[in-house]
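The values are calculated or read from the model by the stated rules, or taken from the named source; none is laboratory data. None of the values given here were measured: they were computed from a predicted structure. When we count neighbours, we look across all protein chains shown, and the Cβ atoms used for this are built from the backbone with ideal geometry, even at glycine. Calculation scope for accessible area: heavy atoms of the full protein, side chains included, ligands and nucleic acids excluded. Shrake-Rupley method; radii C 1.70, N 1.55, O 1.52, S 1.80 Å.
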Amino acid sequence: MSYAAATPGKVHGEHRWDFVFAALYDRLMRRGEERSMGRRRSELVANAKGHTLEIGAGTGANIRHYPDDLEELILAEPFEPMRRRLERKLEESGRSARTLDASAEAIPLEGESVDTVVSTLVLCTVDFPELALAEVARVLRPDGQLLFIEHVRSRSPRVARWQDRLETPWRRFGAGCRCNRDTTASIVAAGFATEHAAEHWKGVPPIVAPLVIGRAVKV
Ligand SMILES: C[S@@+](CC[C@H](N)C(=O)[O-])C[C@H]1O[C@@H](n2cnc3c(N)ncnc32)[C@H](O)[C@@H]1O
């Protein structure tokens, strides 16, 4: 799928709350970041190399964790209120990187032009995860890697039932976030092999606590 062929609408900006969510995002995340996510970001993103693209970069929580010796860092974020905060954080960091107004389902980059794609807490929110993963596969070089941290459907049937029950209110609260997606299965279905660990995100509601953290390569 070429990026020109994929032009799905953006889920964000439809509701006033989405703008408030962007403004509050760093504050809402603070507890979960301090209790475990910050360390996990730093361990994951340290593995980025070469030409690196981050999809759904949000307010730029990963910026400070990237290695200094990347050949290029591109931070894509389709929602303008998030991207504004991303650009501010990038400027404050003093790093050289460029931002892109692009959704993961339509990445405006050449095929096989990227060594690393980073996705943290994004595949829960994109409207079309299959399209997004097809785009990630398209832009990655054959030996490229997808580094990911995603919250996913629980393996506990009891928690998964709550994720299903609360999917709609959580999606409204979380500006499009789906708490019950089996994202690991989607990554594999998109033609990747994964090495990942299942972990628990401390400091957040149980329906978004099950995490997968890892690396995927095209097979
Ligand atoms: C939960 S936030 C995660 C932000 C950031 N990656 C982080 O780790 O803090 C989800 C992000 O995905 C973005 N997003 C929503 N729909 C998207 C899409 N179709 N393609 C790419 N990003 C999208 C949102 O604007 C938001 O910035």
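A few comments on the model shown:
- Heavy-atom accessible area ranking, 1.4 Å probe, most first, across H200, H65, H151: H200, H65, H151
- Over the stretch 13-81, the ratio between the Cα radius of gyration and 2.2 N^0.38 Å evaluates to 1.23.
- Relative contact order for the stretch 148-217, counting Cα pairs under 8 Å that sit 6 or more residues apart, in percent: 41 percent
- The chain: Lys pairs at Cα distance under 28 angstrom, eight or more positions apart or on different chains: 5
- Across the alpha-carbon set of the chain, the Rg to Rh ratio works out to 0.93, Rh being the Kirkwood radius.
- Cα Rg, Dmax (largest Cα-Cα span) when computed across the stretch 101-184, Å: 14.4, 43
- For the stretch 132-219, the solvent-accessible area of protein heavy atoms averages 45 Å² per residue (probe radius 1.4 Å; ligands and nucleic acids excluded).
- Within the accessible area of the stretch 82-219 (1.4 Å probe), percent carbon and sulfur: 52 percent
- The chain - percent relative contact order, Cα under 8 Å, separation 6 or more: 21 percent
- Span per principal axis, largest first, for the Cα atoms of the stretch 146-219 (Å): 37, 22, 22
- Measure of compaction for the stretch 42-131 (Cα Rg per 2.2 N^0.38 Å): 1.00
- Taking 20 Å as the cut-off, the amide N atoms of the stretch 67-85 that come nearer than this to a point 7 Å along the Cα-to-beta-carbon line of R16 belong to 80-82.
- Most fluctuating residue given options R178, R158, R83, as computed from a GNM of the chain linking Cα atoms under 10 Å: R158
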